[in-house]
Each structure stands twice: as structure tokens, then as C-alpha cells.
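The values are calculated or read from the model by the stated rules, or taken from the named source; none is laboratory data. On a predicted model such as this, the values are computed, not experimentally measured, just so you know. Because the Cβ atoms are built from the backbone with ideal geometry, glycine has one as well, and the counts that use them run over all protein chains shown.
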Amino acid sequence: MHSKKKILIVDENSSYISNLRSGLNEEGYEVVYWDNSLKAFETVKELHPDIILSDIESPDIQGLKFYEQLKAIPEAQNIPFVFLSGQRRVEERIKSIETGVDDFIIKPFYVEEVIARITNLLNEVKSYEESRFEDERAFAGDLTEMNLIDLVEILQVGGKSGIIKLKFGSYIGTVYVHEGRIADATLENLLPEEALMKMFLWLEGKFSVEITDIERPPAIENDTKSLLSDGMRHLRRWKELIAGLPSLETNVMVNQAIFSLENLSNDEKEVTKYISKQPTIYDVVIKSPFDPIHTIKIIKKLLDRNDIKECPPQEDKSTPVISSQMTMALDTKSKKEKYNKILSNLLNKPTTQNFYPDRRNNERRRINDRRTDDRRRDHRTQSTRVSLDKSELMLIREKLS
Amino acid sequence: MRVGEFTVISPRNAMKDIFMESICGHITHIDDRISFSSLDINKNLAIHFYGIKIDFKDNNISWDLLTPKILGHIFLFNWEDEGTLKTIEKMLDHLAGISTTPIMVIANVNGNNDLPMPEKFVEPNGFALEPTVRFTYCQLSDSKCTKRAVSGIVNILLERLP
């Protein structure tokens, strides 16, 4: 089951909002409403809303300033932002749009119009997210061939910074790596380490890696090596556990015929709370308050005892696990080419900032590079002579094999 | 006797020594940075390995004189220790830039580590990073693996010959 899109609304005047809230709820959105922007700051960090609607004249803070402060929060940087305003002045609208606000809606508004605009904006975000997987500047691939642990190891060895985007079913997560160290991870509204550990277990889906500098305060302090080590350990256990289960994309429901809360342990009761709406097995793993290993053990027990059972997919789950829209350019290339590209990024060019930490040194490096390039041209035009002949080389190869 | 020569460059003495010993079965220490070993192919042909330990700022090796006589360079670093990669990185880039001598970059993996070698990366001749630079994984004490890496260099040379 797709998780509901979350909308945060900040507006002093709740009378405008009540109709909008009902309309959005009917359309399947989850709405969180605050009448002041201070609460909104906290909510953004906890809720990870998919879109924010705010009155431009919030009671405690001027709208544009609120927008700028909100965008300074790392969690809010990529969230679409829409201003609601009773002001019809064109200057104000232009000023807002210039700051990067995604849309501007005049009050009073038609609820249907607002819903349509929100839907459009969310579709744009979705398209953007998916296009990142096809961006040729990044490299991308399939998690069945390389999982998150492999990807982090590669960045770690090269001391590289980059953003790893992962997609599994309807879930999209992000891992930020700064100079080979895991700095942050986001998935739904999980805590960074929790999100990371859950994504370590994704064995199918898609990934994209963009090598880029990360300007993000570290949210994960644990050593990357120990995180990877934990991830490996959990992954081994996870593989053993899911081997005896249906696909994680299988929907499950409570088996009303024999289900009785009295027969369940406290942990089992807790997990079954998340099975009421026929989610996929993985939906339960994501939402469960327990770690994935414990949760999957419980699901396995419940399935074995027939307390829960498989059920047909929900309407929006009839598409394959991996959406066809997510087919990436690299899928058509061979595995070897893909790894070449990854390793070339790591080893072909040294991580320049490691050698030249400041701007002045970068300039020096450019001069040195130019000199080196000149030398390369001089030397590489002459092919190195091989001091042995073909038969001798073949003898060596034979001896070594 | 005809001789084919290889350099084995690593940030630690133990790495190059284990590598050379796994192929030749013996090793001679010339000084605290240089070691030597040889393997007879037949009574008229042998291969020599010159093990060189390098430091991060090493730039006092006369590569321009040495390189034309060398069949290939083998760079070693520890898969779990990015510091060792950084140590060889600069020299690797320099050598790849000044000649077309084949280079094999080997990530050393230990059998007991927590980050096992990704099996899917293992290719008989290594992955080509550039036409003359390849990358592979190896357990340095595993002679089968180290010999395969040297064969990878020989294969590059054979591909070049008419």
C-alpha cells in the first residue's frame, strides 16, 4: 500500500482551512494543520511532509521570512512550498515566486483548484525524483546487483562524497555520504540510523549515486565501518528470515476466522496494529516500532500460525514491484560496464581535496595538472616497448595459470 | 637469460612482500623499502618483481628511467583501509599519466574481515579503468589470485602485440 502523502498547512485563519482539510482528506492526503509557524518548524523535522501550504501573513512571523527560515532546515529543502494569501497585489506574488516559492494561491480559493495544484506539484516532484535515476551524470543500477552496503563501501574506499538514492516499491530513501563517511539517511519519518538500517536490507529496487559535495550537518555519528558491519550482520540474518516468506511486496490481512488477540504476545499485538489495512509485508516492517529483524520474525510467526494471511494486492499495487517508469539507462548496459564506471569514478582521478584542501592549493593543482598533462602528451604519444616477445609472454602466462 | 620485470608498489612492506612471496615462494630484502623476488619460467626466461614501499609524499623514484624497462606495475592497497588507497593514489595517477605501461590496481581483502570481497567484482583480468589500468580484488596470500593478477598484465601486453 502506498503511504499517504502528507500535507502541512500553516494558517492563522482555520475557517478557510477546514473545507480544504476535508477535501484533501477525501482525496487520500494526510493533513497536519497548525495556526502558527513555530509549531510548523518542529513538525517539518518530525513529519517530513510532502508539501507545505502556508499563509503568507502568519501571525507570528512574516511569510517570506518563514519560508526562508524553513528552507534553511535540511529536511525542508526539497519540499514544495505554496503560499496562501488574501493579498492580490502582483508585486507580492512576483516577490514570492522570485524567492523560489513553488506556487501562490489567492484566498478565497476553490478547494478543488487547490487540490489540483497540490496534485500537480507532487507529480512534478515524483517525476523529478524518478529522473534522478536516469541522470547520466550519476550512476545507477539495480539493488539486486549492488545493495546499499556495496555502494557505501565504494564511496568509503574512495573517500568520496555523494548522495545515494534508493527506491524499493513505493519507498524512496536517501543516504548522504561525506568524504566516505555516512552523514545522514532519510526514509519516511524514521530516525537517520533507523532509516539506514532498514535500507541496508533492500535487496531489490533501484539506486542512483550522484558524486557531489555534501553540505549537510552530520546526523549519524557512529563510525561508518561499524555501521556497515552491523548492516552486514543484519543482512545475513534478514536473508535467512525472508527466505521462507512470500515476497515482501505481498499484501497481508488479518485472518478473521481464527484471529484472536488473546492468543498473541504483546509484540505480536503491536505488529498486527499495522496489518488492519491490508499492507504489504514491507509496509509493516517500515511502520513497525520494532527493528526489521524482530518485525519480520513476528510476521513469519503470524503467517505460520495463520493469524494473518496473504491477500490480493490493493488497487494501486497491481503494478510490478519495480515500476516500468524506473527502468534506467544503465539497465541496458552490461554489468561490467557499470562497475567500470563506478570504479573509474573512484580510482581514475584522485580525490583532489584530499591533497589540496584549500582554494589556493586548488589553483596550484590546476597548474600542476597542466604541466602533468603536457608531460603526458609527450610521453604517451610513444607507446612503451614490450621487452619480451609474444612467445615469451605466452610462456609467462602459462606458467602463472 | 631473458627477464621480464614488474614493480609491486604498496604503502606497506608486508603487503608487497606477501604478494611477491605468494607468487615466487621466496623474497630478498634489499633495504627497508625495496624487496626482490624472481620466478623462473624456464631456463632461459624469468620474471623479476621489485617490491617498493611508498609513502604519501614519495616523489623520488626515477620512473622516467625505470618505466620503459618494466612490463607492468602492480599497485596494492587494503580494501578496508582508505588511507592505503590515498597513499598510492597520487603515484598511480602520475604513472598512468607518463607511460602506457600496464597497471594492475589490487584491492587486498582479508579472509576474516567483516566487509567481504564483493564476488561480482572479480573478473579474470580485472576491470579496465583505462586502456592500460585495471582493477581487481585479491587476497594477497592466495597465490592463485596473485598469479591471476600478473597474468592480467601479461594479457594486456599480448593484446597490444600484432
Tally of residues being basic (Lys, Arg) and within 14 Å of chain B (Cβ to nearest Cβ) across region A:143-176: 1
Taking the criterion of being modelled with pLDDT under 80 and not in a helix (DSSP H, G or I), would at least one residue in region A:110-127 satisfy it? yes
Inside region A:145-169, can you point out the residues that are crowded, with 22+ Cβ neighbours inside 10 Å, in a strand (DSSP E or B) and of a type in the set (A, V, I, L, M, F, W, C)? A:164, A:166, A:168
Within region B:31-42, can one find any residue that is in contact with a strand residue (DSSP E or B) (Cβ under 6 Å, 6 or more places away or on another chain), under 20 Å from residue B:92 (Cα atoms), of a type in the set (A, V, I, L, M, F, W, C) and within 14 Å of chain A (Cβ to nearest Cβ)? no
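Inside region A:16-75, can you point out the residues that are assigned to a loop (DSSP other than H, G, I, E, B) and touching a Phe, Trp or Tyr at 6+ places or on another chain (Cβ under 9 Å)?
Within region A:16-75, A:50, A:56, A:58, A:60, A:73 meet the criteria.
Evaluate the following for residue A:220: is it without any contact (Cβ under 8 Å) to a residue 60 or more places away in the chain and over 23 Å from residue A:287 (Cα atoms)?
No; evaluated as a whole, the condition is false for this residue.
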Pull up region B:77-107, narrow it to residues that are at the interface with chain A (Cβ under 9 Å from one of its Cβ atoms) and part of a strand (DSSP E or B), then point me to the one that is surrounded by the fewest Cβ atoms within 10 Å (Cβ to Cβ). B:107
Conditions (1) among the hydrophobic types (A, V, I, L, M, F, W, C); (2) more than 30 Å from residue A:214 (Cα to Cα); (3) modelled with pLDDT under 75 -> residue A:64 fails only (2)
Checking the structure you have, find out if any residue of region B:69-76 is closer than 25 Å to residue A:152 by Cβ, within 13 Å of the chain's Cα centre (by Cα), at pLDDT 85 or above and more than 9 Å from chain A (Cβ to nearest Cβ). yes
Scanning region A:177-187 residue by residue, the ones that are more than 14 Å from chain B (Cβ to nearest Cβ) and either in contact with a His (Cβ under 8 Å, 6 or more places away or on another chain) or surrounded by fewer than 23 Cβ atoms within 10 Å (Cβ to Cβ) (or both) total 3
Is it the case that residue A:245 is without any contact (Cβ under 8 Å) to a residue 60 or more places away in the chain, part of a loop (DSSP other than H, G, I, E, B) and surrounded by fewer than 16 Cβ atoms within 10 Å (Cβ to Cβ)? yes
